[in-house]
1. What are the residue pairs meeting all of these: first residue in the stretch B:125-145, first residue touching a residue at least 24 places away in the same chain (Cβ under 8 Å), second residue aromatic (Phe, Trp, Tyr) and part of a strand (DSSP E or B), Cβ atoms under 8 Å, and 6 or more apart or on different chains?
2. Regarding the stretch B:144-157, can at least one residue be identified that is open to solvent by 20 Å² or more (accessible area, probe 1.4 Å), over 22 Å from B:GLY230 (Cα atoms) and touching a helix residue (DSSP H, G or I) at 6+ places or on another chain (Cβ under 8 Å)?
3. Filter the stretch B:70-109 for residues that are within 18 Å of B:LEU39 (Cα to Cα) and of a type in the set (Val, Ile, Thr) and give the result.
4. So A:GLU28 fits all but one of (1) open to solvent by less than 50 Å² (accessible area, probe 1.4 Å); (2) not in a strand (DSSP E or B); what number is the exception?
5. Which residue, of B:ALA118, B:ALA185, B:ALA174, is modelled with pLDDT of 95 or more and open to solvent by less than 50 Å² (accessible area, probe 1.4 Å)?
6. Of the numbered conditions (1) more than 14 Å from every other protein chain (Cβ to nearest Cβ); (2) open to solvent by less than 10 Å² (accessible area, probe 1.4 Å), B:ASP215 satisfies every one except a single condition; which is it?
7. Can you work out which of the residues in the stretch A:43-65 that are more than 10 Å from chain B (Cβ to nearest Cβ) and in a strand (DSSP E or B) is least open to solvent (accessible area, probe 1.4 Å)?
8. If I filter the stretch B:3-13 for residues that are farther than 22 Å from B:ASP215 by Cβ, hydrophobic (A, V, I, L, M, F, W, C), open to solvent by 20 Å² or more (accessible area, probe 1.4 Å) and under 21 Å from the mean Cα position of the chain (by Cα), do I get at least one hit?
Amino acid sequence: MKITVNGESQVTQASNLQELVKRLGYGESKIAAAFNGSFVPHSQYINTLLSEGDDIEIVAPMQGG
Amino acid sequence: MSLVFYGESFSSRLLLGTAQYPSPQIMKSAIEVSGCEILTASVRREAAKGRDGQKFWSLIQQTGCRILPNTAGCKSVQEAVTTAHMARELFDTPWIKLEVIGNDDTLQPNVFGLVEAAKILCEEGFNVFPYTTTDLGVAEKLVDFGCQVLMPWGSPIGSGRGLNDLYALRSFRAHFPDISLVIDAGIGTASHATQALELGYDAVLLNTAVAKAGDSVAMAEAFKYALFAGRKAFEAKAINPRDMAMPSTPVVGTPFWHTHD
């Protein structure tokens, strides 16, 4: 299915957010995620099922003012 | 009296940003020299193969400072609230520097969105540090919703123009005598920070003034002393300005006194 991750369209076989994060190679990185504009806690990644057209944001700590 | 944010005391009155430094090492040295105890940080997209965020996280952890994550760049309530949620999990803190930007040229706060987002986040248990204007009505709403800190801008973010509206900032301080007030944005050099604290502000939040200075580490040290001087002067209660001169040297006993009469 085709989804959007951090603004870029991509095709994935992952069925849920936990699988997606693993397949993309984030591993144990310190990240947080939003699913279709709403925050998803780490504990809910596995219960967040992906569908065609879903929009995922994956973020990390970064420099800021 | 020390600086208090949501029940926690701090001895440094500087909140320092972590962006735009010439190098991570210079940033680390500037943080150390400044004596600051609170750093601001953001949440940004992380590419799976890129490890920038992980390296940055490791670096700021070494400083031992408290982290105040921001919602920089958010233009809607929904974006700001979702970013705050992600920041809370990432940085494991209820603190959030709430920015809802209303204009690309001035980066001034969208105060309508700010108030709405602050209400939501306060209800959810966040400790909100709102980046706001000097509008008293807006600030009263923020306080009503639970903000224990207010952060009015000195001048536009990154402009280095210092405190643009002294009258408004004085009024703001007088109107909120018991709220922790931070000048956020527009500080360009050390004297601006001194002036803010002389006005009775509790702290300043700045980034560009140090990060983009010719010598970031030296400027960080300058701010340390500037803030110390500003607070001391405030506590010492400065004299009131006068229109006309008043001799400081005693007049009585002046040689040749009245000899020209």
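1. B:PHE126/B:TRP95; B:ASN127/B:PHE5; B:ASN127/B:TRP95; B:PHE129/B:PHE5; B:PHE129/B:TRP95
2. yes
3. Within the stretch B:70-109, B:THR71, B:THR83, B:THR93, B:ILE96 qualify.
4. Failing condition for A:GLU28: (1).
5. The match here is B:ALA118.
6. (2)
7. A:ILE56
8. Yes, the conditions are met somewhere in the stretch B:3-13.
The values are calculated or read from the model by the stated rules, or taken from the named source; none is laboratory data. Being a predicted model, the structure only gives us computed values, none of them experimental. So basically every Cβ, Gly included, is an ideal-geometry build from the backbone, and we count neighbours across all protein chains shown. Each accessible area value is taken on the protein alone, full model and side chains, heavy atoms only, with ligands, DNA and RNA left out. Shrake-Rupley method; radii C 1.70, N 1.55, O 1.52, S 1.80 Å.
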